[in-house]
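The values are calculated or read from the model by the stated rules, or taken from the named source; none is laboratory data. On a predicted model such as this, the values are computed, not experimentally measured, just so you know. Every residue, glycine as well, gets a Cβ built from its backbone with ideal geometry; the counts of neighbours run over all protein chains shown. Each accessible area value is taken on the protein alone, full model and side chains, heavy atoms only, with ligands, DNA and RNA left out. Shrake-Rupley method; radii C 1.70, N 1.55, O 1.52, S 1.80 Å.
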Amino acid sequence: QVHLVESGGGLVQPGGSLRLSCATSGSIGSVYTLGWYRQAPGNERELVAHLTDGVNTNYADSVKGRFTISRDNAKNTVWLQMNSLKPEDTAVYYCRLSAGGNVYWGPGTRVTVSS
């Protein structure tokens, strides 16, 4: 069984930074993709950043140049560094892992950007 747990969310002022982490556990094999998604109140869940093959990244236009996705294989952790945060980045952020034809989600961590 694969488990994902996000952490690092919180309240931050506009222009500030947060670093989210997603700890993975369980047998996921060597071929998988990782991603961060977010869902704001009243909105659909949307892709924020995606990491495939361990090196190829893809970002939503709204976060390009501000957010960075990376992973630490030794720690089984994927990170989302978020800089220059804006109020419109307020949402619950979810980690997603796709492996072996299965998709796993974490419970999410809330990010609030407000002065």
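If R0 is 30 Å, what FRET efficiency do you get for H3 and S115 from their C-beta distance, rounded to 0.05? Write down the numbers at each step before the final one.
Working: r = 35 Å, r/R0 = 1.18.
The formula returns an efficiency of 0.25 here.
Given a Förster distance of 30 angstrom, what is the FRET efficiency for T33 paired with R66, based on the Cβ-Cβ distance and rounded to 0.05? The pair T33/R66 has a calculated efficiency of 0.90. Rg and Dmax of the chain, both derived from C-alpha coordinates alone, stand at 13.5, 43 Å.
Note on region 31-115: with neighbouring protein chains present and a 1.4 Å probe, carbon and sulfur make up 44 percent of its accessible heavy-atom surface. All other residues whose Cβ lies under 14 angstrom from that of R66 are scored, Lys and Arg at +1 and Asp and Glu at -1, for a net of +1.
Electrostatic bookkeeping for L20 treats Lys and Arg as +1 and Asp and Glu as -1; over the other residues with beta carbon under 15 Å from its beta carbon, the sum is +4. In the context of the full set of protein chains, residues of the chain present 53 Å² of accessible surface per residue (probe radius 1.4 Å, heavy atoms only).
If you take the Cα centroid of region 10-62 and the Cα centroid of region 83-110, the two points sit 5 Å apart.
Our estimate of slack between N102 and E88, defined as 0.36 nm per intervening residue step minus the Cα-Cα distance, is 2.0 nm. Rounded to the nearest 20, the size of the Cβ-charge dipole of region 7-115 about its Cα centre is 180 debye, with Lys and Arg at +1 and Asp and Glu at -1.
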